[in-house]
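No value in this document is a laboratory result; all are computed from the given coordinates. These figures come from a predicted structure and were not determined experimentally. We place every Cβ from the backbone using ideal geometry, glycine too, and count neighbours over all the protein chains shown.
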Amino acid sequence: MNTHLRKYFRQEHLPHIWCPGCGNGIVTAAILRALDRLGWEKDRTVFVSGIGCSSRAPGYLDFNTLHTTHGRALVFATGVKVAHPNLNVVVITGDGDASAIGGNHLIHAARRNIDITTICFNNSIYGMTGGQYSPLSPTDSVASTAPFGNTDRSFDLCRLVEAAGASYVARGTTYHVTPLTKLIERGFEKRGFSFVEAITACPVYFGRRNKMRTPVEMLEWQKDAAVPITRAQKMDPEELAGKFVIGTFVDIDMPEYTESYERLLREHASDRGGG
Amino acid sequence: MSESGRRLMQGNEAVVEASLVAGCRFFAGYPITPSTEIAELLASRLPQVGGRFIQMEDEIASMGAAIGASLAGTKAMTATSGPGFSLKQENLGFAALTEVPVVVVDVQRMGPSTGMPTAPSQGDIMQARWGTHGDHPIVALCPASVGETYAATIRAFNISEALRVPVVLLLDEVIGHMREGVAMADAQNVEIIDRKGPSVSPSEFLPYADDGTMVPEMAAFGEGYRHHVTGLFHDETGFPDMSAAVAKSLMQRIMGKLDAHRHVYEWTEARDTEEAEVLLVTFGSPAQAARSAINRAQREGMKVGEFRLITLWPFPEKALREAATGARAVIVPEMNLGQLRLEVERVMGCATPVYGINRTDGDIFKPDEIYQGIVEVYSG
């Protein structure tokens, strides 16, 4: 662990529960590095998570941390942020948590453009329960509930969040750590809903069943399959088959939810009192 | 409670006005008949007092947002009806285990399923107690008039804050939409209870430590008391611990705190129970028809008493047993097929027969049908 990040950990709660070769630690460190660069205060920052491997991350971090129910991190985070708009609110979620059981909440948090940064650890599988396919598992990939190959279509969560109206949408990988850190940092800085999908490795439950038995093979897959957005724009859809695009998809300024509501409060506050 | 004037208002409106007196400053909701007026009114009332309203994408989200706001230090409420109450159960369980104060209003309508959205019912009595999975602490109040709804709403917040427990306020469509004159509280003279904050420095703070009251001190996010909140079983530090000893002691404390503080939430009313041969156990809007039937029976010389429950859960077992001491039979009128009767039977044991007068057709009780039931049991 980088020594300057040590202060952000609850060291008495380490080691973590993640398997050897898991990429979640890489994403967690990228989050902390980004936050450290911005000088975010621990007392003023709230981490909220749902259920799954990645959602265990906040428990190891020395902030205000809230480990909620499956798929619901964003709704708890919305309550925290609306009640207390001055707090920095970060949601940590996984691909199953964010796109399946919590998909509707993701759409509406993006639509409101509420100032919450969501980091989705996408390991292409439900790891905590032992390797069932998620909505982000590639078609034809093998999972414990897709022993003959996944017949579902996988979907692009970044495009979903973009369509729903977020101010900032980006994707990175645990192979491209420096760019990932910068994407997260930009997401933190952005007023409005920020969504960063971090492609991470689950060698134990995804890689092992999909011809990537080792963590190194999984990182090599991230390196080979990732196409920077500038290059992807010049490529045909056929050339992009089996690949995924990384980089910044949306970075625009739009009205942010809590700011709009605070303005409404100023305009409609009266001295009628509570009775 | 001293008065500051009377106003004609709906039950749903009484919830709104009383919640503001109680200090509610956050509401998350989703439209559903017959509770929608609560959301509509709070959308305009909360900004007037510096509070915040948000309409969420569904009932699950409303429940979660209310809990999030409460963790950030703001008194919070959500409101719904049967189908939405079913959806809230998931996060209601989270609030029970993590001991987050929150008030949930359920304006009951006929179910199951979409049922009869504009028809009254008391079909959620058992769901209010057992709707979320696992043994868990919860308090449910069920007022019988609009005026009592106003008082019960303030009390719901006070109980929730005092004991760090979710409180369900069970209205029914009749109470929610009926208009009655309500004595408005003078905000300065109402007892308002707030959760107790940390008495130690952040470095010494243990978010789930028992200080002897079984109700831990609570810090809000952002106050410098960085801590962890999880729906996993946890020890006094708040961090997950799956050991049998920790699970046992956590369960004992969160259930035990309700046993230890019965006076905070127990609310019943006994009328003419000493001499009663037949006792009516009433709650919610049917209590009004029952009162009229009891009066008539008493005028005709029958020794009939009434034991009315405002607190339904935890069930006021001892108070019922005392009220029913001399009764040879008990009658429970309710707008369901006998959900509370099950509990009354459990308390009365085999010695005293318990009869139900039930409606599940979406219509309200007429005093006459309860009166007929009294006559039948009395002469039987």
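How shielded is A:137-145 by partner chains, expressed as the average number of their Cβ atoms within 10 Å of its Cβ atoms?
Average neighbour count from other chains, rounded to a whole number: 0.
Only helices at least 20 Å long along their axis, Cα-based, and averaging 0.0 or more on Kyte-Doolittle count here, so list those DSSP H runs from chain A.
A:24-38
Could you work out the relative contact order of chain A? I mean the mean sequence separation of Cα pairs under 8 Å and 6+ apart, divided by the number of residues, in percent.
Reported relative contact order: 18 percent.
What is the sum of charges around B:A22, taking Lys and Arg as +1, Asp and Glu as -1, for the other residues whose C-beta is under 12 Å from the C-beta of B:A22?
-1
Between the range B:174-205 and the range A:156-187, what is the C-alpha centre distance in whole Å?
43 Å
Taking H placed 1.01 Å from N in the peptide plane, check which residues at least 5 places from A:F249 or on another chain put their amide H under 5 Å from its amide H.
Residues meeting the criterion, in which the H sits 1.01 Å from N, are A:V169, A:A170, A:R171.
What is the count of Lys pairs in the range A:24-266 whose alpha carbons sit under 23 Å apart, if the two are 8 or more places apart or on different chains?
Total qualifying Lys-Lys pairs in the range A:24-266 comes to 12.
Compute the signed sum of charges (Lys and Arg +1, Asp and Glu -1) over the other residues within less than 15 Å, Cβ to Cβ, of A:K211.
Numbers: positive: A:R208, A:R209, A:R213; negative: A:D140, A:E217, A:E220, A:D224.
Net of charged neighbours comes to -1.
Grab the Cα-Cα distance for B:R346 and B:S243, subtract it from 0.36 nm times how many residues apart they are, and report the gain in nm with one decimal.
33.7 nm
HN-Hα J couplings of the range A:47-56 from phi, Karplus 6.51/-1.76/1.60, θ = phi - 60°, integer Hz, Gly and Pro as x?
So the J values, rounded to whole Hz, are 9, 10, 9, x, 10, x, 4, 5, 5, 7.
Mind ordering B:144-155, B:285-296 by average Cβ neighbours within 10 Å, highest first?
B:144-155, B:285-296
Over the whole of A:82-95, what's the average partner chain Cβ count within 10 Å per residue? Rounded to a whole number, please.
Counting other chains' Cβ atoms within 10 Å and averaging over A:82-95 gives 4.
Of all DSSP beta bridges located in the protein assembly as shown, what percent are antiparallel, nearest 5?
25 percent
Would you please give the residues with an amide H less than 5 Å from that of B:F26, counting only those at least 5 places away or on a separate chain, with H modeled from the backbone geometry?
Answer set, sorted by chain and number: B:R52, B:M77.
Quick query: amide H of B:H234 versus all other amide H atoms, modeled in the peptide plane; which residues come in under 5 Å with a sequence gap of 5 or more or a different chain?
B:D241
Mind checking the angle between helix B:82-98 and chain B's longest principal axis? C-alpha axes, 0 to 90 degrees, to the nearest 10.
Roughly 50 degrees, rounded to the nearest 10.
Suppose R0 equals 60 Å; then what is the FRET efficiency for B:R299 and B:D259 from their Cβ-Cβ distance, rounded to the nearest 0.05?
For B:R299 and B:D259, the calculated efficiency is 0.90.
Work out the mean other chain Cβ neighbour count within 10 Å for the residues of A:108-117 and drop it here as an integer.
Shielding by partners across A:108-117 averages 1.
Mind checking the angle between helix B:244-260 and chain B's longest principal axis? C-alpha axes, 0 to 90 degrees, to the nearest 10.
The answer is roughly 50 degrees.
In the range B:3-189, with Lys and Arg counted as +1 and Asp and Glu as -1 at Cβ, which of these residues, B:P137, B:V21, B:A39, has the Cα nearest the positive end of the dipole, that is, farthest along it?
Among B:P137, B:V21, B:A39, the one farthest towards the positive end of the dipole of the range B:3-189 is B:V21.
I want the local charge near B:F85. Using Cβ-Cβ distances under 15 Å, sum +1 for each Lys or Arg and -1 for each Asp or Glu among the other residues.
Details: positive: B:K88, B:R109, B:R129; negative: B:D58, B:E59, B:E90, B:D106, B:D124, B:D172, B:E173.
Here the count lands on -4.
How far is the Cα center of the range A:1-77 from the Cα center of the range B:98-155, in Å?
Rounded to whole Å, the Cα centres lie 36 Å apart.
Please work out the ratio of the alpha-carbon Rg of chain A to 2.2 N^0.38 Å and round it to two decimals.
Its radius of gyration relative to the 2.2 N^0.38 Å reference: 1.01.
With viscosity set to 0.890 mPa s at 25 °C, what whole-number translational diffusion coefficient in µm²/s follows for the range B:222-380 from Stokes-Einstein and a Kirkwood radius over Cα pairs?
137 µm²/s
Return the ratio Rg/(2.2 N^0.38 Å) for the range B:112-254, where Rg is computed over Cα atoms only. All intermediate terms of the calculation are to be shown ahead of the outcome.
Values: Rg = 19.0 Å, N = 143, 2.2 N^0.38 = 14.5 Å.
Rg over 2.2 N^0.38 Å, computed on Cα atoms: 1.31.
If you put +1 on each Lys and Arg Cβ and -1 on each Asp and Glu Cβ, how big is the dipole of the range B:3-189 around its Cα centre, in Debye rounded to 20? Intermediate values should be presented prior to the final figure.
Values: 12 positive and 19 negative charges, 61 e Å.
Dipole of the range B:3-189, to the nearest 20 debye: 300 debye.
Enumerate the calculated ³J(HN,Hα) couplings along the range A:248-253 in order (Karplus 6.51 cos²θ - 1.76 cosθ + 1.60, θ = phi - 60°), each rounded to whole Hz, writing x wherever the residue is Gly or Pro.
Couplings: 9, 9, 9, 7, 10, 9 Hz.
If you line up the long axis of helix B:367-379 against the longest principal axis of chain B, both from Cα atoms, how many degrees apart are they, to the nearest 10?
Once rounded, the angle reads 70 degrees.
Counting C-alpha atoms alone, how compact is the protein assembly as shown: give Rg to one decimal and Dmax as a whole number, in angstrom.
27.3, 94
Considering the Cα positions of the range B:3-189, please state its Rg to one decimal place and its Dmax as a whole number of Å.
14.7, 44
Mind checking which of A:V169, B:G238, A:V80 is farthest towards the positive end of the protein assembly as shown's charge dipole, using Cβ charges of +1 (Lys, Arg) and -1 (Asp, Glu) about the Cα centre?
The listed residue farthest towards the positive side: A:V169.
Work from the charge dipole of the protein assembly as shown (Cβ charges, +1 for Lys and Arg, -1 for Asp and Glu, about the Cα centre) and give the residue of B:L170, B:L92, B:V332 farthest towards its positive end.
Of the candidates, B:L92 comes out farthest on the positive side.
Sequence neighbours fewer than 8 away in the same chain don't count; with that in mind, list the lysines whose C-alpha is under 30 Å from B:K248.
B:K75, B:K88, B:K196, B:K257, B:K318
Using only DSSP helix segments of four residues or longer, with each worth -39500 (n - 2.57), what per-residue ellipticity at 222 nm results for the protein assembly as shown after dividing by its residue count and rounding to 500?
Counting only the DSSP helices, I get -11000 deg cm²/dmol.
How many angstrom lie between the Cα centre of the range A:90-135 and the Cα centre of the range B:353-370?
Cα centroid of the range A:90-135 versus Cα centroid of the range B:353-370: 48 Å apart.
What does the highest-first list of A:256-265, B:158-167 look like by mean Cβ count within 10 Å?
B:158-167, A:256-265
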